[in-house]
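Some notes on the structure that comes next.
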Amino acid sequence: MTILRRPGLLVAALVLAVVAVAVVAPQLIAPYDPFASVGSARLAPPSAEHLFGTDHLARDVFSRVVHGAQLSLSAAVLAVIAGLVIGSVVGLVTGYVGGPVDFVIMRFVDVLIAIPGILLALIVVASLGFGPLSIALGVGLGAAGSFARIMRAQVLRVRAEEYVEAARTLGVRGPVVLARHVLPNAARPIIAMAAMELALAILSVSALSFLGFGAQPPAPEWGALVSAGRDFVATAPWLSLLPGAVILAVVLAVNSVARSIRGDR
């Protein structure tokens, strides 16, 4: 019943529920084909028939935004998973092993964190080529340093607990101690952080797609939709404003749910 006492969290959950439907079954929400013209009404303003108006090719913008959720969010989720896996493995190993291994690897992590995430993603995209997968890997690599830092701190805390020391004393092998005792007790903050990172990943993926490094036209990716509307800002501002508002709403909803998971009020 906590969610009923927090209307902001309830709205966020509803937004994410709609987005989930758009990702899994966009045809249930989108009234038109996102790639086909819906008539001769080019650059038509928002109306009951076309909620977000139409673009310069007379395509329904709302339908394109709905279908674009799959591209944008799949890349963002993949980025978070990549950062979570890479960072957690690094933090888990360095925190448990300690010594020179910890010192050397964490210096590399410090360098990784010092590089702006968007710049690191651009380097990865330039190396691997344009596309959602390259963007996801680039954004994920940028987030891996933060995950490694948090995981290492949790492992240092957990490995000093008595049950871990007892397992070592009984001769339990290191990998078993990590899997059975350290990882389960160090994972909760990482899960909360992953939810927070998803909001940042959505923004980063959209920003890179806005710059033209993501899905290429006519794919209806959110950042690409905002970018495509730049040429018509004076005559049809809804082409950029409404997809941008959707990105903002989703990011705020994810952030609200993530803060709830973390225990913030």
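The values are calculated or read from the model by the stated rules, or taken from the named source; none is laboratory data. Just so we're clear, the structure is a prediction, and the values are computed from it rather than from any experiment. We place every Cβ from the backbone using ideal geometry, glycine too, and count neighbours over all the protein chains shown.
For Ser88, the criteria (1) at pLDDT 90 or above; (2) among the hydroxyl-bearing types (Ser, Thr, Tyr); (3) crowded, with 16+ Cβ neighbours inside 10 Å hold in every case but one, which is (1). Scanning the range 181-232 for residues that are crowded, with 19+ Cβ neighbours inside 10 Å and not in a helix (DSSP H, G or I) returns Phe213, Gly214, Ala215, Pro220, Glu221. Exactly one residue out of Phe103, Phe147, Phe130 is surrounded by 22 or more Cβ atoms within 10 Å (Cβ to Cβ), of a type in the set (Phe, Trp, Tyr) and either at pLDDT below 85 or touching a helix residue (DSSP H, G or I) at 6+ places or on another chain (Cβ under 9 Å) (or both): that is Phe147. In the set (1) at pLDDT 80 or above; (2) aliphatic (A, V, I, L, M); (3) not in a helix (DSSP H, G or I), the condition left unmet by Ala160 is number (1).
Here the condition is being touching a helix residue (DSSP H, G or I) at 6+ places or on another chain (Cβ under 6 Å), in a helix (DSSP H, G or I) and either modelled with pLDDT of 90 or more or of a type in the set (A, V, I, L, M, F, W, C) (or both); of Ala30, Ala20, Ala79, it holds for Ala79 alone. Does Ile115 satisfy the criteria of being surrounded by fewer than 17 Cβ atoms within 10 Å (Cβ to Cβ) and either among the β-branched types (Val, Ile, Thr) or out of contact with any helix residue (DSSP H, G or I) (no Cβ under 9 Å at 6 or more places or on another chain) (or both)? Considered against the rule, which asks whether it is surrounded by fewer than 17 Cβ atoms within 10 Å (Cβ to Cβ) and either among the β-branched types (Val, Ile, Thr) or out of contact with any helix residue (DSSP H, G or I) (no Cβ under 9 Å at 6 or more places or on another chain) (or both), Ile115 comes out as yes.
Is it true that Thr235 is modelled with pLDDT under 90, within 30 Å of Val97 (Cβ to Cβ) and among the hydroxyl-bearing types (Ser, Thr, Tyr)? When the stated conditions are applied, Thr235 does not pass them. Candidates Leu9, Leu28: the one that is crowded, with 16+ Cβ neighbours inside 10 Å and out of contact with any strand residue (DSSP E or B) (no Cβ under 6 Å at 6 or more places or on another chain) is Leu9.
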